[in-house]
Structures are given as structure tokens and as C-alpha cells.
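The values are calculated or read from the model by the stated rules, or taken from the named source; none is laboratory data. This is a predicted model, so every value here is computed, not measured. Cβ placement follows ideal geometry from the backbone for every residue including glycine, while neighbour counts extend to all protein chains displayed. Note: accessible area is taken over every heavy atom of the protein model, side chains too, but ligands, DNA and RNA are not part of it. Shrake-Rupley method; radii C 1.70, N 1.55, O 1.52, S 1.80 Å.
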Amino acid sequence: MFPAMTDRRVVLVTGATDGIGRATVRALAAAGLRVIVHGRAKTKVDAVLAQLMAELPGAELEGVSFDLGSLAAIRRGAEQILARVPALHVLVNNAGIFAPERVLTEDGIELTFAVNHIAPFLLTELLAPRLEASATTAPSRVINVASIAHARGRIHLDDLSLERGWTGYAAYAMSKLANVMHALALAERHAADKLVAYSLHPGVISTKLLRQGFGPVAGAAVEAGARTSVRLAGEEEVTAPSGSYFSEGVQTQPATAARDAATRAALWEASRRLAKL
């Protein structure tokens, strides 16, 4: 039995038209949460909504489409979300890319860093007041889908768009390290009774990103990759300290680089500048 619509926890999942994001949406909707499906293309969002509504009669789902590679589009998207949902309890920053070549966005940011870090950074900041205001019975949550690749990343504070020494993997690893540091920074900056933040490595999962970035590598099912996000988003009570990092569902220490407080603070300020906050 689904809870009454007015009682449902509201979750926004970015990058939710396929892969881990779609599996996360399906599991949360099946558990009775109200889920907002985000994708870049409205046609894809609408198709996923139609499929899931057919599979899950009685589920409450809606969609929003905007490009995470554009600061202006993210701001418009956040405005749409805030206008449509009076309460927002969970933000799952799931969307991610592995770029085949170095490209700059319209805002002059390297595309991997823009989509994988600056977009969730900005979206979180724009939605944080609503998330905190919605924390009436339990803290709201921000969940960053990172990667074990963060352990190979390095934050180039003087060259965040990697004009020097760009490779697809270097850009990806830096962006995933930034995801982990972002969750730790959010934990430092928000009261834990209002907002908690987590980051996670979902496992090596058979997704489009895995194929694009790493070639013909065998991966686990997307449902396995969604499991940690689903648990953290859906649990009634917070069971892990804010800032925690999970690897395939197990709470563990992130890489040493992520725990560098000075670099984390500098990255926060650099991210604010790049996001034009």
C-alpha cells in the first residue's frame, strides 16, 4: 500500500533516464516515495515516466528536464522544481559523464568538471534552503554518486579546467574527488538535524558511462549500483554521520586527498566562483 500523497517523502534524482539513475527512481517509487525524474532531454524524461507509471500503478512520479552543462539552465531547472514541490527531502546527485575529448561549456568550464561537480554543487546550493525547511521529522539528505576513481584524482586548484595535461580519466577522477569533498563540505556547513550529506562508490556497474570511459568491462546490474542511494534516500532515520562515504554499500574512509581540509575549503570557494554564486 502506498502512503497518502501528502505524506510521501519527495526525492529528486538527476541523470535518471537510464542506468543507475533510472534504477534508483524505480526502487524509490516502488517504495512509495514521490520521485522527480531529471534528464537533459524532455522526450527521454517523458518516455521513462510513461514506462515507470505503467510498471508501478499508483506511484507518484514527475519529470523535469534541463542541461547540467549550463549554469543558466540549472538555475531555470531549480526554479521549476521549487515552484512545483513545496517540500523536498532528498537530492540524489547521480548524473555523471566521462568525456571523450576536452570541451568547454558555454560558461568556460571543462565539460566533465562542469557536469559532474559544478552542476551538483550549484543545484545543491539552490535547493538547500528548501531541503532544510523540509526537515521536519528527519534530516533531509544530499547524496552524491561518486566513484572509487576519486582515489586517483587530484584537485588542480590553479587549473580546474585542465588546460594542461587533460585526459578523460584525469578529468573524471578529479570530478569524482570533488563529489566526495563536496559531501564532506556540506556536512561541515549544515546542521546535522537539518541536512546530511553522503557520497558513494556504487560499484563497477554496467552503464553507458562504463562503456564510454572504460571500454568492454564487465559490470554488475544497475539495480546493484542503485542500492546504496536507495537505502540512504529511503531510510526513515539517519544511520550514518553526515559526510560519510560508502563503497558498494559499506561505510569506509574516502581517499586521503578528500580529507584535506585546506584543499576542500579552497575547492568550495573556487566552485562558488565557477558557479557564479
Looking for whichever is at pLDDT 95 or above and under 25 Å from Arg231 (Cα atoms) here; the options are Ala114, Ala95, Ala72, Ala83. Which one fits?
Ala95
Where a residue in segment 238-257 is within 24 Å of Ala138 (Cα to Cα) and its partner, wherever it lies, is among the aliphatic types (A, V, I, L, M) and open to solvent by 30 Å² or more (accessible area, probe 1.4 Å), with Cβ under 6 Å and at least six apart
Ser242/Ala192; Gly243/Leu184
Suppose we filter Arg264, Arg273 for residues that are touching a residue at least 40 places away in the same chain (Cβ under 8 Å), part of a helix (DSSP H, G or I), among the charged types (D, E, K, R) and more than 16 Å from Leu195 (Cα to Cα); which single one remains?
Arg264
The one condition Thr137 fails out of (1) among the β-branched types (Val, Ile, Thr); (2) more than 18 Å from Ala275 (Cβ to Cβ); (3) in contact (Cβ under 8 Å) with a residue 40 or more places away in the chain; (4) surrounded by fewer than 23 Cβ atoms within 10 Å (Cβ to Cβ) is (3)
I need the full set of residues from segment 213-244 which are closer than 17 Å to Gly15 by Cα, open to solvent by less than 40 Å² (accessible area, probe 1.4 Å) and modelled with pLDDT of 90 or more, in order please.
Ala226, Thr228, Ser229, Val230, Ala233
Kindly indicate the residue of segment 146-167 that is at pLDDT 95 or above and open to solvent by less than 10 Å² (accessible area, probe 1.4 Å) and also nearest to the chain's Cα centre (by Cα) among those meeting that condition.
Ala146
Among Arg141, Arg189, Arg84, which is the only one that is within 25 Å of Ala266 (Cβ to Cβ) and out of contact with any Lys or Arg (no Cβ under 7 Å at 6 or more places or on another chain)?
Arg189
Tell me, which strands (runs of 3 or more DSSP E) lie completely within segment 8-113 with 1 or more residues that are open to solvent by 10 Å² or more (accessible area, probe 1.4 Å) and touching an Asp or Glu at 6+ places or on another chain (Cβ under 6 Å)?
34-39
Mind checking which pairs have a first residue in segment 59-75 that is without any contact (Cβ under 8 Å) to a residue 24 or more places away in the chain and a second that is in a loop (DSSP other than H, G, I, E, B) and among the acidic types (Asp, Glu), Cβ under 7 Å, 6 or more apart or different chains?
Ala73/Asp67
